[in-house]
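The values are calculated or read from the model by the stated rules, or taken from the named source; none is laboratory data. Everything numeric in this text was worked out from a predicted model, so none of it was measured. Counting neighbours? That spans all protein chains shown, and the Cβs are built from the backbone with ideal geometry, glycine included. All accessible areas refer to the heavy atoms of the entire protein, side chains included, with ligands and DNA or RNA removed. Shrake-Rupley method; radii C 1.70, N 1.55, O 1.52, S 1.80 Å.
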Amino acid sequence: MAKITNDQELRAALNRLTGEQQRLLGSRFAENILRLSRDERIHRAIATGLRDDVTPGELQDAFKAARAYTVKTYTDCGKDTDWLAQADHFVAAAAAAALTPDELMTERQNRAWKAAVQARMAVNCAMMEDDTASESAEAHRQYALANAFLD
């Protein structure tokens, strides 16, 4: 299999995954930025999403916890921004994306892709406070995670 080196290849590969595979890889994308999360519930939600033996009820509970935290941490545009709080919000959004139940998915949505984009948003926010963070480096880490997952 050819190695993923850009977003087009990543998206195409993610679109070939099953829903469960999307959850697992999306959870890996979220786990990769876990250092930006301030809330233990998000840590637990991501850990739940990474499990192969997870029950539907556990997934539902983890999704609800991540989704509730994204709502709690939402900040209106145009207000003074705490960029690290925004990064924390997007970590939760990445977790929620990875854990989205089938009944809330549309045909064109992909859990892993949405988690990847939310993870990059978290890194973008962190870049405002930490000049060592890099969105392009995050994209390359995602390519590496996807390549390892697909091998």
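Each residue of the range 92-109 was assigned a 3J(HN,Hα) from its phi angle through the Karplus curve 6.51 cos²θ - 1.76 cosθ + 1.60 (θ = phi - 60°); the sequence is 4, 5, 5, 4, 4, 4, 5, 9, 4, x, 3, 5, 9, 8, 9, 4, 8, 7 Hz, with glycine and proline shown as x. Hey, rough spin-label estimate for Glu103 and Arg11, points 7 angstrom out along Cα→Cβ, what's it come to in nanometres? With each label point 7 Å from Cα toward Cβ, the separation is 3.0 nm.
What chymotrypsin sites (Phe, Trp or Tyr not before Pro) does the range 46-151 have in DSSP loop regions with at most 11 other beta carbons within 10 Å? Counting only loop positions with at most 11 other Cβ atoms within 10 Å, the chymotrypsin sites (Phe, Trp or Tyr not before Pro) in the range 46-151 are Tyr74. Protection proxy ranking for 49-62, 12-25, using the average of other Cβ atoms within 10 Å per residue and placing the highest first: 12-25, 49-62. Solvent-accessible area of the range 42-151 (1.4 angstrom probe, protein heavy atoms only): carbon and sulfur portion equals 52 percent. Taking Cβ atoms as reference points and 12 Å as the exclusive limit, the residues near Asp61 contribute a net charge of +3, counting Lys and Arg as +1 and Asp and Glu as -1.
Note on the chain: GNM, Cα springs under 10 Å; of Ala30, Ala116, Ala68, the largest mean-square fluctuation is that of Ala68. So what is the relative contact order of the range 7-113, in percent, for Cα pairs below 8 Å that sit 6 or more residues apart? Computed value for the range 7-113: 40 percent relative contact order. For a paramagnetic label modelled at 7 Å from the Cα of Gln21 toward its Cβ, which residues of the range 89-104 fall within the zone defined by backbone nitrogen distances under 20 Å? Within reach of a label on Gln21, which here means backbone N under 20 Å from a point 7 Å along Cα→Cβ, the range 89-104 contributes 97-103. Cross-link partners for Lys3 among the aspartates and glutamates, with Cα-Cα distance under 18 Å and sequence neighbours closer than 8 places in the same chain left out: Glu138, Asp151.
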